[in-house]
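Here the structure is laid out as structure tokens; the discussion comes afterwards.
The values are calculated or read from the model by the stated rules, or taken from the named source; none is laboratory data. Not measured: the values here are computed from a predicted model. Here Cβ is always computed from backbone atoms with ideal geometry, including for glycine, and neighbour counts include all displayed protein chains.
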Amino acid sequence: MALLEVKDLDVIFETRLGSARAVNNVSFHIEEGETFGLIGESGSGKSVIGMSLLRLLPKNARVNGKALFDGSDLLSTNDEEMQKFRGEQIAFIPQNPTASLNPLIKNGLQVSEIFEKKGQDKHESWRAALKVMERLLIREPSLSANRYPHQLSGGMRQRLVTGISLSLEPRLVIADEPTKGLDSLTRRSTIEFFRKLEGKHDRSMLLITHDLDLAYEICDRLAVLYAGEIVEMGPAKNVMDDPEHPYTRGLIKSLPRNGLQPLEGNSPSLLRLPDGCFFQERCIIQTVDCTRKHPQLSQYNGWMKRCILH
Ligand SMILES: Nc1ncnc2c1ncn2[C@@H]1O[C@H](COP(=O)(O)OP(=O)(O)O)[C@@H](O)[C@H]1O
Ligand SMILES: [Mg+2]
């Protein structure tokens, strides 16, 4: 059995302008020890999927479907059960992790508190915290431990939050855009860091990112999202080395190493998704059929693709 199995997930936001279909019929699974990526342009629904799993979405969100974690449906548990999943079993590293640090508490203490809660004494906990910080490649751990969050760089703060989350030894880590807004050096070391983390094969990870290089380096499998639905899904290397869907091809072409050819146009409005393929307007190979029929996600070449043109 997969550790996480998401089935037919829909998220609709009720807004003043109408119902926005942010996530459409999304299904995927994550095996024990596997790193699964969700990639796609900004606004494609990546964060909403991650947040829906831990029920962190605002009240105007309507969520349908199932998300079975070790057999229990996260989407239908009560609040008390959900509290047990959050943190202990599933860690969520948000897009802006700084907000989850207490600015008035020293960095080391924010980590050691976790060990104290687990029953270790103050001394042991502090030592354990230093070890965590060392493992996270936080520069000069004992010095950084005695400082406050604002005295760390953005990248280091992000690692600290990651360290706090991982100290709880969750079975699944959901990391939302761990490299967003980092300069190239910090980004590189963050990729290295997540690579090391991924090398520990007992942990499963859902990696949400628009950073295709990061996804390529650390994901076992990935799903490409467009307008809230999966358009391609399969082994990360295959999907990215040899993409099948015209959208994935466009994304790969827009990478700096491929000459930065931008994908023209915008995603459709989530308030009025078209009848046919959601990608039709931007697709360079579209046919009349593409405007009529919504394509299904189907097996092709050993992975999944949502396109009527083979
Ligand atoms: N609270 C909300 N109310 C209405 N629409 C929302 C809300 N939160 C997110 N959305 C919409 O859902 C879509 C997906 O957002 P998101 O998952 O954050 O995208 P990304 O792939 O960049 O993480 C976006 O179009 C966004 O505007
Ligand atoms: Mg996001």
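Against the test of being at pLDDT below 90, outside the structural domain of Ser204 (by TED's automatic domain parsing) and among the polar types (S, T, N, Q), the options Ser112, Ser100 yield a single qualifying residue, Ser100.
Touching a residue at least 60 places away in the same chain (Cβ under 8 Å) and surrounded by fewer than 18 Cβ atoms within 10 Å (Cβ to Cβ): is that true of Gly50 in this structure? Step through it out loud before you land on a result.
On the way: touching a residue at least 60 places away in the same chain (Cβ under 8 Å): yes; surrounded by fewer than 18 Cβ atoms within 10 Å (Cβ to Cβ): no.
Against the criterion (touching a residue at least 60 places away in the same chain (Cβ under 8 Å) and surrounded by fewer than 18 Cβ atoms within 10 Å (Cβ to Cβ)), Gly50 does not qualify.
With the requirement that a residue be more than 15 Å from the chain's Cα centre (by Cα), within 16 Å of ligand 2 (Cβ to nearest atom) and among the hydrophobic types (A, V, I, L, M, F, W, C), what does segment 162-193 give you? Leu182 - this is the single residue of segment 162-193 that is more than 15 Å from the chain's Cα centre (by Cα), within 16 Å of ligand 2 (Cβ to nearest atom) and among the hydrophobic types (A, V, I, L, M, F, W, C).
Do you know which residues across segment 200-216 are under 20 Å from Met51 (Cβ atoms) and more than 16 Å from ligand 1 (Cβ to nearest atom)? Within segment 200-216, Ser204, Met205 qualify.
Looking across segment 1-52, the residues that are touching a helix residue (DSSP H, G or I) at 6+ places or on another chain (Cβ under 9 Å) and not in a strand (DSSP E or B) come down to Gly40, Glu41. For the residues Phe36, Phe28, Phe13, the requirement of being in contact (Cβ under 8 Å) with a residue 40 or more places away in the chain, under 22 Å from Ser267 (Cβ atoms) and under 15 Å from the mean Cα position of the chain (by Cα) singles out Phe28. Residue pairs whose Cβ atoms lie under 8 Å apart, separated by 6 or more positions or on different chains, with the first residue in segment 169-182 and under 17 Å from Leu54 (Cβ atoms) and the second within 13 Å of ligand 1 (Cβ to nearest atom) and at pLDDT below 90, are Asp176/Pro94; Asp176/Gln95; Glu177/Gln95. Picking from residues in segment 174-199 that are hydrophobic (A, V, I, L, M, F, W, C) and within 16 Å of ligand 1 (Cβ to nearest atom), the one that is surrounded by the fewest Cβ atoms within 10 Å (Cβ to Cβ) is Ile174.
Of all the numbered requirements in (1) under 25 Å from Gly43 (Cβ atoms); (2) surrounded by fewer than 21 Cβ atoms within 10 Å (Cβ to Cβ); (3) not basic (Lys, Arg), Pro141 misses one, and that requirement is (1). In the condition set (1) part of a helix (DSSP H, G or I); (2) outside the structural domain of Ser52 (by TED's automatic domain parsing), Ile138 is compliant with all but (1).
Listed here are the residues, each with its yes/no results for (1) within 16 Å of ligand 1 (Cβ to nearest atom); (2) among the hydrophobic types (A, V, I, L, M, F, W, C); (3) in contact with a Lys or Arg (Cβ under 7 Å, 6 or more places away or on another chain).
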| site | (1), (2), (3) |
| --- | --- |
| Gly43 | yes, no, no |
| Lys46 | yes, no, no |
| Ser72 | no, no, no |
| Glu88 | no, no, no |
| Pro97 | yes, no, yes |
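Here segment 71-104 is the region considered, the condition is being touching a residue at least 60 places away in the same chain (Cβ under 8 Å), within 16 Å of ligand 2 (Cβ to nearest atom) and of a type in the set (A, V, I, L, M, F, W, C), and the residue that is surrounded by the fewest Cβ atoms within 10 Å (Cβ to Cβ) is Phe92.
Which ones in segment 55-113 are polar (S, T, N, Q), in a helix (DSSP H, G or I) and under 18 Å from the mean Cα position of the chain (by Cα)? Break it down stepwise before answering.
Keep residues of segment 55-113 that are polar (S, T, N, Q), which gives 60, 64, 72, 76-78, 83, 89, 95-96, 98, 100, 102, 107, 110, 112.
Filter again for in a helix (DSSP H, G or I), leaving 83, 98, 100, 107, 110, 112.
Residues satisfying the conditions are Thr98, Ser100.
Summed over segment 139-153, the residues that are in contact (Cβ under 8 Å) with a residue 40 or more places away in the chain and of a type in the set (A, V, I, L, M, F, W, C) give a count of 1.
Residues in segment 206-224 that are within 16 Å of ligand 2 (Cβ to nearest atom) and either surrounded by fewer than 20 Cβ atoms within 10 Å (Cβ to Cβ) or not hydroxyl-bearing (Ser, Thr, Tyr) (or both): Leu206, Leu207, Ile208, His210, Asp211, Leu212, Leu214, Ala215, Leu222, Ala223, Val224.
As a summary of the residue check, Arg257 satisfies the conditions (1) within 29 Å of Glu198 (Cα to Cα); (2) modelled with pLDDT of 90 or more except for the one numbered (2). Residues in segment 6-64 that are small (Gly, Ala, Ser) and either within 12 Å of ligand 2 (Cβ to nearest atom) or outside the structural domain of Glu229 (by TED's automatic domain parsing) (or both): Ala22, Gly40, Ser42, Gly43, Ser44, Gly45, Ser47, Gly50.
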